[in-house]
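Step one of this worksheet: look at the structure below.
The values are calculated or read from the model by the stated rules, or taken from the named source; none is laboratory data. As the structure is a computational prediction, the values presented were derived from the model and not from experiment. All Cβ positions, glycine included, derive from the backbone under ideal geometry; neighbour counts span all protein chains shown. Ligands, DNA and RNA are excluded from the accessible area calculation, which covers all protein heavy atoms including side chains. Shrake-Rupley method; radii C 1.70, N 1.55, O 1.52, S 1.80 Å.
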Amino acid sequence: MWNYRVFKNERGELGIVECYYDKDNKPEMRSEDFMAPYSSEDLSGLEQDLNRMINALKKPVLTDGDFKK
């Protein structure tokens with residue numbers, strides 16, 4: 001399972017990343033770079049992607065310490 005999450009990097013910058021979870025629903029991996037909204041379909045697809053990113057703002061901010069080593 002994955003979703004978008006807000007991530008704070010070692011420089012203190014905040015951005016949206018793709019976050020992947022283990023079987024216990026704990027953060028396991030993330031995208032290396034911050035994500036931008038994208039759709040290869042149409043405006044509706046872009047809106048859905050943006051809404052998933054907006055939902056990430058409602059969850060706790062993740063840092064490297066939240067991921068398994």
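Explain nothing, just compute: Karplus ³J(HN,Hα) = 6.51 cos²θ - 1.76 cosθ + 1.60, θ = phi - 60°, for every residue of the stretch 8-15 in order, whole Hz, x for Gly and Pro.
So the Karplus estimates, Gly and Pro as x, are 10, 7, 5, 8, x, 7, 9, x Hz.
Roughly speaking, to the nearest percent, how much of the stretch 4-50's 1.4 Å accessible area is carbon and sulfur?
Carbon-and-sulfur percentage of accessible area, whole number: 49.
Filter the chymotrypsin sites (Phe, Trp or Tyr not before Pro) in the chain to those in DSSP coil with at most 10 other Cβ atoms within 10 Å of their Cβ, and list the result.
The qualifying sites are Tyr38.
Quickly work out the Asp22-to-Ser44 label distance, labels modelled 7 Å from Cα along the C-beta direction, and quote it in nm with one decimal.
The two pseudo-label positions are separated by 3.9 nm.
Can you tell me the accessible area per residue over the chain, all protein chains present, probe 1.4 angstrom, in square angstrom?
For the chain, the solvent-accessible area averages 74 Å² per residue.
Based on Cβ point charges of +1 for Lys and Arg and -1 for Asp and Glu, what charge dipole magnitude is obtained for the stretch 3-69 about its Cα centre, in debye rounded to the nearest 20? Each step should come with its number before you reach the end.
Working: 11 positive and 14 negative charges, 83 e Å.
With only Lys, Arg, Asp and Glu charged at Cβ, the dipole is about 400 debye.
How high is the relative contact order of the stretch 1-55, given as a whole-number percent (alpha carbon pairs under 8 Å, six or more residues apart)?
28 percent
Long-range amide H contacts for Glu28: which residues qualify at under 5 Å (H placed 1.01 Å from N, peptide plane, sequence gap of 5 or more or a different chain)?
It is Tyr20, Tyr21, Asp22, by chain and number.
Which of the listed residues, Leu43, Ile16, Leu57, is farthest toward the dipole's positive end in the chain, when Lys, Arg count +1 and Asp, Glu count -1 at the beta-carbon?
With unit charges placed on the Cβ atoms, the residue in question is Leu57.
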